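Undergrad: Before I ask anything, here is the structure I am working with.
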Amino acid sequence: MRRCAALILSCWAVQGALAQYPLTRTFELRAGLQRPRITLLAQDDQGLLWAAGDQGLLRSDGEHTELMWAAGDDRVSALHAAGGLLFAATEAGYVLRCAGQGCDTLGRDTVLLRAPARALWAAPDGMLWLGTYGAGITLRGAQGEVHVTTAQGLGDDHVNALCPVGGGRVAVATDQGISICGPDGRVLARIGEEQGAPDNLVLSLAPAEDGGFWAGTHRSGVFHFDPDRADRGIHVLDPAWAHGAVRALAASGGSVWAGGMNGVVVVDVRQGLGAYVLPAAADVPRARVSGLLRAADGAVWWCDGSERVARADPDVLVVPDHEGLDLRHITALCADTAGHLWFATAQGVFRHDVVFADRSHLFRVDVPVDPERPVVALQMDAEGHLWAGTFGQGVYRVAPDGRVRHFGEAEGLCNGNVLAVRARRGAAGPETWFATLGGVCVFRPDAKAAAGGAFRTVPIPGSGFVYDVLPLADGSTLVATDGNGLIRIDAQGRSVQLDGPGAAGTYYSLCADGAGGAWACGPGTGICRVRGGTVSCAFKDRAPFDGDVFGIAYHEGHLLALGRTGLASLDPAGMRLLDLGEELGLQGVEAELNTVCTARSALWLACDRGLVRLTPRPAVLDGSVAAHFTGLYWGDQSLPLDSALALRHDQNFLTFRF
C-alpha cells in the first residue's frame, strides 16, 4: 500500500505523561464513483486487502480497487481469508468463496437468514466455522454440518467472534463468556466471570503473539488467557479501562490494538506503555471502529463505516512531547551504549531511556543552556563523559558522576562555536574531536593535566569553518568544511584536501558504514563515498539530496539520509537509493544538524514533528516488493490460477494481471 489519500502524524497522551502514537495514514477505497461504507477487512495470502461494505466485496492493492462481488440488497456480515481463498457470509444467508478471478456461492443456509453470521474461520482441514448471532456455531465440511448451541454446552447462542488457539481448537466469544471448542465442535471448557474473567459479554478476539488469545469485552476492556497455561489465570490488561466497549481487536509488535466507539486505543504490553488514542482529525475522525486487521507486515488496518480505511505503522513511532517537555525543537541528539538517548532543547540537556515507557522519566543534566547560544552537538566519549558543544560558549563535559566542567578558548579549545563532537578510542587511547568555526581540535585525556586532558589544534587548509568531523578506524580523521570540500587528517596530523566533484564545495554531515567506509553529504552534493584520496558523488537530484540535508546515519546495513524532501535509504554495496519519505511520512520535515542517531536497533530522528523512532523492516529498506498474479485470461474468459492448468493449442493469447 503505497499511495495515501491523507497523511497524519498526530499524537496525544491519554494516560501518564507520554504522548505517542504510531504513524497513521488513510486510504480511500472506491471501485467507481459511489462511496462505499466499509465495515469489515481481511487480507489474503497475496497481501491484497479485501473490504466488505454496502456495495459488496472490494479488493485493493492500494492503487487499484475492484468490485469482486456486488451486494445488491444483501450485506456481508462476516469475512475471513485463509489458504489463498476468502470466505464471506451475508445477511441473506449466503456463504461465498472468493479467489483471484471472482466469487462463487457455496450455498445458502436458512439458519444464517434468521441469525446472521458475525464470525468466520476456515480450519486447515477444510472445515468452515460460522458463528451466528442467535443460533450458536455451525461447522460445514465434506461430511455435512454440525450445529453447536447451548444445548451442547456453548456459553450462549449469540456468537461475536472466533479465534484459533492451537491443536485445532477454537475460542468462541459469546454474550455469556468464551467457550473453547475442539476440532469437531465439542465444547471443552468455558471462561467467564465465574472463572475470573472481568466481563461475560465478550465482543472480540485476537491471537496473542505469546500464545493464547486476547479478548475484548463490553465494559472491562481487554484480557488475556492461554488455554494451555490455564494455571496462570486470566490477565486483565487495564483494570481501570476507560475506553468503552472493545468491538474489534488485533495484536501486533508487542502491542494490543482495541477498536471501539471512539477510535483505536493502543497498549504496548511488551514495554509497559500506557494506553494511547489517536485524536480526532479531519483525516482520521475518531469514529466507531467496526473492523481491525493485523497485516502480514505487522501494520494494523481499521475501518469505520466510511470509504476510508486507516493504516497504523508500528515501525514509526512519534513522540512530540514527554513529561511537559516539547520535543519538536531538539537541537542535538546522541545515544550511548548503556541504552540512553541524550538530547538538547532550549530548556536544557536531558537523558532518557531508549524505551519511552511510563515508568521511564527524563533526567536533566546540569548543563547551562542559553537559547541564544544553544547546544548543537552531543557525544558520549569512550570514558563515559558526555560532551555538549554549544554555538557560542564552548563545550561542557559531564562526567559519569554528574560533575560538569566547561571548556572554552582559554582552556585550549580552538573556537567557542562548536558544530560537531565525535569520539574515538585510538591507538594512543581515547580522544574527542571537535568541529568548530575556527577549525579542528582534539582532546586527549591526561591524568597529569589540571583539566584531566589537553586540547590540540590540528591545522587544515582553508578558512577553518568546519561543519563535521569523523575519526575513522584506520587512525585518520575526515573533516567536512564550508567551501573547502572534504579534508583528511592522517594519523600523524598531516591534512590534505581530497579530490572529487565537491573539492571546493560545502559538506554538512559525515558517516561511517559497517565496513569502515566513509560517506559525506552537503547542499547539492548528493551522497558521496570517500575512498582514499578521492570522493565520488551520486544522486544529487534525488530526494532528500535535492534540498537541505540534516544528517546521515548507518542502520541495518544501509545509509539513511534525512532532509527536507524526506528520508532515503542507500544500499552501499549496490549503490541503490530508495526514497522512503512517502512510505514513512517524512516529507517536508524541518530539523537541525546532528539530530540523527542509532540506538538499540532503531534509528532516531529529531525534527519539527517530535522525536521519531524508526525500526523499518529489511524489506522496507531494500524496497523489496513481492509480485503476485491476480488474474489470468484468455480473451475475456477468466482462467483458474492453478499450476496444473492445461491450455489448448489455440489458447495462445493470454492476459496476466499482477
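The values are calculated or read from the model by the stated rules, or taken from the named source; none is laboratory data. Given the structure is predicted, the values throughout are model-derived calculations rather than measurements. Cβ coordinates were reconstructed from backbone atoms using ideal geometry, including for glycine residues, and neighbour counts include every protein chain displayed. Side chains are part of the model used for accessible areas, which takes the heavy atoms of the whole protein and leaves out ligands, DNA and RNA. Shrake-Rupley method; radii C 1.70, N 1.55, O 1.52, S 1.80 Å.
Undergrad: Run GLY429 past the list (1) touching a residue at least 24 places away in the same chain (Cβ under 8 Å); (2) under 23 Å from ALA512 (Cβ atoms) and report the number of the one that doesn't hold.
TA: Every listed condition holds for GLY429 apart from (1).
Undergrad: Which of (1) crowded, with 17+ Cβ neighbours inside 10 Å; (2) touching a residue at least 40 places away in the same chain (Cβ under 8 Å) is the odd one out, the single condition GLY168 does not satisfy?
TA: (1)
Undergrad: Somewhere in the stretch 126-149, is a residue in a loop (DSSP other than H, G, I, E, B) and β-branched (Val, Ile, Thr)?
TA: yes
Undergrad: Among the residues of the stretch 171-187, how many are free of Cβ contacts under 8 Å to residues at least 40 places away in the same chain and either open to solvent by less than 50 Å² (accessible area, probe 1.4 Å) or touching a helix residue (DSSP H, G or I) at 6+ places or on another chain (Cβ under 8 Å) (or both)?
TA: So the count comes out to 7.
Undergrad: Can you tell which of LEU470, LEU413, LEU419 is in a loop (DSSP other than H, G, I, E, B) and at pLDDT 95 or above?
TA: LEU413
Undergrad: What's the total number of residues in the stretch 294-310 that are open to solvent by less than 20 Å² (accessible area, probe 1.4 Å) and assigned to a strand (DSSP E or B)?
TA: Adding up the residues that qualify gives 6.
Undergrad: Still on this structure, please answer the following. Being at pLDDT 95 or above, crowded, with 16+ Cβ neighbours inside 10 Å and among the hydrophobic types (A, V, I, L, M, F, W, C) narrows it down to one of LEU9, LEU18, LEU41, so name that one.
TA: Result of the check over LEU9, LEU18, LEU41: LEU41.
Undergrad: Somewhere in the stretch 642-649, is a residue in contact with a Phe, Trp or Tyr (Cβ under 8 Å, 6 or more places away or on another chain) and farther than 19 Å from CYS511 by Cα?
TA: yes
Undergrad: Filter the stretch 517-543 down to the residues that are open to solvent by 10 Å² or more (accessible area, probe 1.4 Å), under 15 Å from LEU560 (Cα atoms) and in a strand (DSSP E or B) and list them by number.
TA: Passing the criteria: ARG529, ALA538.
Undergrad: Moving on. Does ALA480 count as in a strand (DSSP E or B) and open to solvent by less than 10 Å² (accessible area, probe 1.4 Å)?
TA: It is true that ALA480 is in a strand (DSSP E or B) and open to solvent by less than 10 Å² (accessible area, probe 1.4 Å).
Undergrad: Here is a further query. How many of the residues making up the stretch 78-97 are outside any loop (DSSP other than H, G, I, E, B) and within 31 Å of the chain's Cα centre (by Cα)?
TA: Of the residues in the stretch 78-97, 9 are outside any loop (DSSP other than H, G, I, E, B) and within 31 Å of the chain's Cα centre (by Cα).
Undergrad: In addition: Give ALA568, ALA591, ALA553, ALA606 a once-over and let me know the one that is within 30 Å of GLU323 (Cβ to Cβ), open to solvent by less than 60 Å² (accessible area, probe 1.4 Å), within 17 Å of the chain's Cα centre (by Cα) and not β-branched (Val, Ile, Thr).
TA: The conditions single out ALA606.
Undergrad: Which one of the conditions (1) surrounded by fewer than 17 Cβ atoms within 10 Å (Cβ to Cβ); (2) free of Cβ contacts under 8 Å to residues at least 24 places away in the same chain; (3) of a type outside the set (A, V, I, L, M, F, W, C) does ASP353 fail to meet, given that it meets all the rest?
TA: Only one criterion in (1) surrounded by fewer than 17 Cβ atoms within 10 Å (Cβ to Cβ); (2) free of Cβ contacts under 8 Å to residues at least 24 places away in the same chain; (3) of a type outside the set (A, V, I, L, M, F, W, C) is unmet by ASP353, namely (1).
Undergrad: Go through the stretch 417-440 and give me each residue that's open to solvent by less than 10 Å² (accessible area, probe 1.4 Å) and either farther than 24 Å from ALA335 by Cβ or touching a Leu at 6+ places or on another chain (Cβ under 6 Å) (or both).
TA: Scanning the stretch 417-440 gives ALA435, GLY439.
Undergrad: Given the criterion at pLDDT 90 or above, more than 24 Å from the chain's Cα centre (by Cα) and open to solvent by less than 20 Å² (accessible area, probe 1.4 Å), identify the matching residue among ALA250, ALA258, ALA245.
TA: Testing whether each residue is at pLDDT 90 or above, more than 24 Å from the chain's Cα centre (by Cα) and open to solvent by less than 20 Å² (accessible area, probe 1.4 Å) leaves just ALA245.
Undergrad: Taking the stretch 620-639 only, how many residues are exposed (fewer than 11 other Cβ atoms within 10 Å of the Cβ) and in contact (Cβ under 8 Å) with a residue 24 or more places away in the chain?
TA: 2
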